[in-house]
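> Below is the structure I would like to discuss, written out as structure tokens.
The values are calculated or read from the model by the stated rules, or taken from the named source; none is laboratory data. Values in this document were obtained by computation on a predicted structure and should not be read as measured data. A quick note on method: Cβ atoms are made from the backbone with ideal geometry, for glycine too, and the neighbour counts reach across all protein chains shown.
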Amino acid sequence: MKTFYVTTPIYYANSLPHLGSLYTTLVADALKRYKRQRGYETLFLTGMDEHGINVQRAAERAGLQPKEFVDRVAAIFQQTFAAFGLDGAHGGYDIFMRTTAPFHYAGVQQFWRRVARARTPKGNAAIYKGHYEGWFCAACAAYKTEDEYSKPAVSGESPRCLVHETPLDRVSEESYFFRLSDYGEALLDLYERRPDFVWPEERRNEVVSFVRAGLQDLSVSRLKSSVAWAIPVPDDSAHTVYVWFDALTNYITAIGFGDEERERVIGFEKFWPAVHLVGKDILRFHAVYWPAFLMAAGLEQPRAIVAHGMWLDRDGRKMSKTLGNTIDLDVLHRHFSNDTVRYFCLREMVFGQDGRFSYEAVIERANSDLASGLGNLVSRTLTMIARYCAGTIPPPEIGEENYLQAKRAGVNPDPSDHASALELARDQFTTLFDEYGFSRALEVAWSLIARTDKLLSEAKPWELVKDERQRETLNAVLYRAAETLRWLAVMLHPVLPDATRAIWRQLGLTGDPADLDPATLKWGEIRAGTRIGEVEPLFPRLDRKKVMAEIESETKGQGTNTVQESAKAPSTAATPHNATHANVAAPAELISIEDFARVDLRVGEILTAERVPKSDKLLRFTIDLGEPEPRQILAGIAGYYEPEKLVGRKVIVVANLKPRKLRGFESQGMVLAASVGPEDRPVLATFVEDVPNGAKLK
């Protein structure tokens, strides 16, 4: 089977989740969903880079030990990604990597030893010991050359990083160096042989120019006395591994390099090489340093390094807390659906270029493209089918004897022109998605919406239904609209996973659009006579004034919440494990008793429990809910419970949760657990008294 491995950068633990980290992660999520549809076995990695002097200092300022500090920051990232539907429970990332994991320590040290034994293309030792003296930016976790910092205006002050505008540290100490200067020609040859290795072309040209200008050897260690919060250098306890050497290696240690158990369960040999999604600000580390490290280690290069642009505010300014123009992810999550956020990000930013983001712009896109566009087409099509066709998909054929009536209504009796338009759009969409052209792909999909809207407006089904002689024309028009919705549901699933499943359900279709390859779509596969589901609005229109007034009220005078402040406050939330929630400190939204009554909570007894193959976090249960047949339910608790010890345990199950596929198994409900402590440890909810299977909780 074909494999596809996509990674985001692992996000540095001195910063809370922000729009940039959310964007990269949702792009990776969309790519994973798309490749899975196309028949690939997929793997999606994100996570946390948790070592280095910056984290060490941040923990000290928060009054915490470094491990306690990064545990809390990691919990915030995981909860934020869960809120936006990007975690494993929602079909998102497969691995949340943390560089404090023991297997990563072992893998980094094995990787170091391989590089240290290597000879460069010029025959020199790839790693050697020397002395470093220069300026270091803790925020960037990088050493700075003269063109990368501003000279101090006052004598005696430290220069400042041009990126973060923070004072640099003067470092003068013994260090191990990677002989990067010997790899210039090899890197240029790589870029020449593989022109798509760095994408887009503009970024590739920047990388080539940087390498042609000459490379300097790279310090890859710090003295332990300077940076203790790091992985020890093998065979030299006085040194620790430089944070970027450590962090980049995560892409291979996460999937089994240096660890036999992870290799068996996940598979470095199976999934490597990866597509690395990165922001353009960290391109050099991924497109120059990382390939050189891999050359020295004798490992295969990544499939591609794909760099996206930065989000700017509506005036084209870089977002910063100083300017007060940042996007608050909690506010974003409260006011906009996950699909709305996904659509805006992928449609608004031409991937590879900078994009502009504002709450007002999200509202405009939500109302024009989603509410008035896709949502309106679904509503009007299915409402007319419900009214005019007794709630079933009508037959598509127009008999020869009715050709003339159809033409008089402005409808081509031959559906081939509409089918051809769908096929052309499908082929353009998949080609553009393969080339990271998400914005253009969505333009193509919306051209189908416009075409079908035009068909309905010109044919006027509400007029056709008044003339029985036009019944076949009416049926054909509504069939073409419904079939277009089926195609759109499959094509748009990677971008709008919730909405496309709702479209699928409202069309009365079985299965899941996530399991269908858009390239295999064929005209006419929605069967006449299919009973449609209940018609519900997909994207209600947003009241711009009301929403903006609420957002301005929520963000007015808002402090610059720092990672230190957030890490100081421990999480006390007790939620279903892997449930969606926006922020550990956010109060729960109040619901009515009617809302609660819709959730069917039942007592179940675990009959069998086993680990899911190739998953390090899923357990598969059969659970007796007092029904004729036990249910199969999956839960992401394998890292905390031994399956054999759970047999016979009474648990609480959400019995009316829509089934979903996880690792090829259908999960027919959800087991409830509390999330405890900074590591979000699940604790299964159970009973102290004997309760019969199937008993309802209320």
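> Against the conditions (1) surrounded by fewer than 21 Cβ atoms within 10 Å (Cβ to Cβ); (2) of a type in the set (Val, Ile, Thr); (3) under 21 Å from the mean Cα position of the chain (by Cα), where does Ile252 fall short? Just the number, please.
(1)
> Hey, could you check segment 192-212 for residues that are assigned to a helix (DSSP H, G or I) and of a type in the set (A, V, I, L, M, F, W, C) and say which is nearest to Phe351 (Cα to Cα)? It would help to see each step written out before you state the result.
Step one: of segment 192-212, the residues assigned to a helix (DSSP H, G or I) are 192-193, 201-212.
So of that shortlist, the ones also of a type in the set (A, V, I, L, M, F, W, C) come out as 207-208, 210-211.
Numbers: Val207: 18, Val208: 20, Phe210: 22, Val211: 24 Å.
Once the filter is applied, the top-ranked residue is Val207.
> Just to check your reading of the model, which residue among Leu404, Leu455, Leu424 is modelled with pLDDT of 95 or more and hydrophobic (A, V, I, L, M, F, W, C)?
Only one candidate qualifies: Leu424.
> Please state which of the following conditions Trp229 fails to meet, knowing it meets all the rest: (1) in contact with a Gly (Cβ under 9 Å, 6 or more places away or on another chain); (2) surrounded by fewer than 21 Cβ atoms within 10 Å (Cβ to Cβ).
(2)
> Could you check how many residues of segment 522-558 are touching a residue at least 60 places away in the same chain (Cβ under 8 Å), of a type in the set (Lys, Arg) and closer than 17 Å to Arg365 by Cα?
Number satisfying all stated conditions: 2.
> Residues Thr80, Thr46, Thr24: which one is of a type in the set (Val, Ile, Thr), surrounded by 23 or more Cβ atoms within 10 Å (Cβ to Cβ), modelled with pLDDT of 95 or more and in a helix (DSSP H, G or I)? Break it down into steps so the answer makes sense when it comes.
Working: Thr46 fails: in a helix (DSSP H, G or I); Thr24 fails: surrounded by 23 or more Cβ atoms within 10 Å (Cβ to Cβ).
Of the residues listed, the single one that is of a type in the set (Val, Ile, Thr), surrounded by 23 or more Cβ atoms within 10 Å (Cβ to Cβ), modelled with pLDDT of 95 or more and in a helix (DSSP H, G or I) is Thr80.
> Return the residues of segment 382-433 that are part of a loop (DSSP other than H, G, I, E, B), in contact with a helix residue (DSSP H, G or I) (Cβ under 7 Å, 6 or more places away or on another chain), among the hydrophobic types (A, V, I, L, M, F, W, C) and within 22 Å of Arg527 (Cβ to Cβ); say none if nothing qualifies.
Cys389, Ile393, Ile398, Val411
> Here is a follow-up. Output the number of residues of segment 48-86 satisfying the condition of being in contact with a strand residue (DSSP E or B) (Cβ under 9 Å, 6 or more places away or on another chain) and more than 26 Å from Val108 (Cα to Cα).
3
> Under 31 Å from the mean Cα position of the chain (by Cα), buried (at least 21 other Cβ atoms within 10 Å of the Cβ), closer than 28 Å to Arg440 by Cα and among the acidic types (Asp, Glu): is that true of Asp354 in this structure?
Answer is no for this residue.
Let's see how each residue does on (1) touching a helix residue (DSSP H, G or I) at 6+ places or on another chain (Cβ under 9 Å); (2) assigned by TED's automatic domain parsing to the domain that holds Leu485; (3) surrounded by fewer than 18 Cβ atoms within 10 Å (Cβ to Cβ); (4) in contact (Cβ under 8 Å) with a residue 60 or more places away in the chain:
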{"position": "Asp315", "(1), (2), (3), (4)": "no, no, yes, no"}
{"position": "Thr326", "(1), (2), (3), (4)": "yes, no, no, yes"}
{"position": "Arg334", "(1), (2), (3), (4)": "yes, no, yes, yes"}
{"position": "Asp339", "(1), (2), (3), (4)": "yes, no, no, yes"}
{"position": "Cys345", "(1), (2), (3), (4)": "yes, no, no, yes"}
{"position": "Met349", "(1), (2), (3), (4)": "yes, no, no, yes"}
{"position": "Asn367", "(1), (2), (3), (4)": "yes, yes, no, yes"}
{"position": "Gly373", "(1), (2), (3), (4)": "yes, yes, no, yes"}
{"position": "Leu377", "(1), (2), (3), (4)": "yes, yes, no, yes"}
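> Another question, if that's okay. For segment 669-698, enumerate the residues that are free of Cβ contacts under 8 Å to residues at least 40 places away in the same chain and within 24 Å of the chain's Cα centre (by Cα).
none
> Considering only residues that are hydroxyl-bearing (Ser, Thr, Tyr) and outside any loop (DSSP other than H, G, I, E, B), look in segment 95-128 and name the one that is farthest from the chain's Cα centre (by Cα).
Within segment 95-128, the match that is farthest from the chain's Cα centre (by Cα) is Tyr128.
> Another question, then. Would you check if Ile282 is in contact with a strand residue (DSSP E or B) (Cβ under 8 Å, 6 or more places away or on another chain), among the aliphatic types (A, V, I, L, M) and not in a strand (DSSP E or B)?
No, not satisfied.
> Considering only segment 498-514, I want to know if a residue exists there that is outside the structural domain of Ser447 (by TED's automatic domain parsing) and at positive phi.
Within segment 498-514, not a single residue is outside the structural domain of Ser447 (by TED's automatic domain parsing) and at positive phi.
> Something else about it: Answer yes or no: is there a residue in segment 497-508 that is under 30 Å from Gln79 (Cβ atoms), modelled with pLDDT under 95 and of a type in the set (S, T, N, Q).
Looking through segment 497-508, none of the residues is under 30 Å from Gln79 (Cβ atoms), modelled with pLDDT under 95 and of a type in the set (S, T, N, Q).
> Pairs only if they're at least six apart or on different chains, beta carbon under 8 angstrom, first in segment 165-184 and in contact (Cβ under 8 Å) with a residue 60 or more places away in the chain and closer than 18 Å to Phe285 by Cβ, second outside any strand (DSSP E or B) and among the polar types (S, T, N, Q); list them, first residue then second.
Qualifying pairs under 8 Å: Leu180/Gln216; Tyr183/Thr120.
> Go through Pro692, Pro628, Pro613 for me and flag whichever is within 30 Å of Phe103 (Cα to Cα) and at pLDDT below 90.
Matching residue, one of Pro692, Pro628, Pro613: Pro613.
> What's the number of the only condition in (1) modelled with pLDDT of 55 or more; (2) surrounded by fewer than 16 Cβ atoms within 10 Å (Cβ to Cβ); (3) under 30 Å from Asn54 (Cα atoms); (4) in contact with a helix residue (DSSP H, G or I) (Cβ under 7 Å, 6 or more places away or on another chain) that Ala586 fails to meet?
With (1) modelled with pLDDT of 55 or more; (2) surrounded by fewer than 16 Cβ atoms within 10 Å (Cβ to Cβ); (3) under 30 Å from Asn54 (Cα atoms); (4) in contact with a helix residue (DSSP H, G or I) (Cβ under 7 Å, 6 or more places away or on another chain) applied to Ala586, the lone miss is (1).
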